[in-house]
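The values are calculated or read from the model by the stated rules, or taken from the named source; none is laboratory data. Note that the coordinates shown come from a computational prediction; the quantities given were computed from them, not determined experimentally. Here the Cβ positions follow ideal geometry from the backbone for every residue, glycine too, while neighbour counts run over all protein chains shown.
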């Protein structure tokens, strides 16, 4: 099996050394430079990486990555798109050779966006039959033949975001991508999300349109309903319940309902929904999740609600869980210790 790593680059000198070291076991490494002025090209060439120059005009990401793929040698079997701010974990070559089968055309693997966020990604593919499609948020599309996926638990790629570097998306390219494929639910979702990031009034109709399209994922649809709940106060609770229906193992909607109930002094509902949020699997977090929902917030709220309802031992358990989830939070640590002492004290309780 011959394996190639390919990438685009522009002014990535700070990332070259780590990137090159992580993919040194590849049979070929090809980087298409789109106009670096910081020595990126020279550093890559000195490390034995094949460097070519090119930049599609007008700029769009699918054309750029297809140009990069075109420079991969024709005798390569498997291609790995590895951006310069990404690195392969050690042992990737052995994992690839073990999990790639003779009939495989695309491999899914774990992509670590940050220390706490990971998801399955699909940028490892056979040399022929694939192309990138979409002006931005480009997707890998099987152009000819059947798409046959395999999965690797051991092959991991990690994203290392450079501090201070902008990763903004060009809204013009997103609008163009939706114009080209108006029935593409994935692209419509990305457009709606970007509009929401920019606090645009267009976000609501964009997400509502997304929800009318076939396709999409439960996670995306739940996210859409959560945004609509935030932006449509009169429909907020209903939208949150719709989010739960779409993806019942995500804690965000449960936590939001719990906090709203607590604000209305409804401790029963607050405790119920906080418990539901706590029960969600902590490994569900993706790059579009609310990190707060995967931390101590639900357990902390559950402790307060249980205490108000006179469920003191339960309150102490939830307080301990909150402290466990946020061990560096001094308030939570002290609160858990105080409730544990109060519950453990012998004799009549002051409450």
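Things to note:
- Which listed residue is touching a helix residue (DSSP H, G or I) at 6+ places or on another chain (Cβ under 8 Å), touching a residue at least 40 places away in the same chain (Cβ under 8 Å), under 18 Å from residue 23 (Cβ atoms) and part of a loop (DSSP other than H, G, I, E, B), from 155, 84: 84
- Test: residue in segment 25-33 that is in contact (Cβ under 8 Å) with a residue 60 or more places away in the chain and either crowded, with 20+ Cβ neighbours inside 10 Å or part of a strand (DSSP E or B) (or both): yes
- Residue within segment 87-104 that is under 24 Å from residue 162 (Cβ atoms) and part of a loop (DSSP other than H, G, I, E, B) present: yes
- Pairs with Cβ under 7 Å, 6+ apart, first in segment 126-147 and on the phi > 0 side of the Ramachandran plot and surrounded by 15 or more Cβ atoms within 10 Å (Cβ to Cβ), second in a loop (DSSP other than H, G, I, E, B) and at pLDDT below 95: 129/143; 129/144; 129/145
- Residue check, residue 70 surrounded by fewer than 19 Cβ atoms within 10 Å (Cβ to Cβ) and under 15 Å from residue 130 (Cβ atoms): yes
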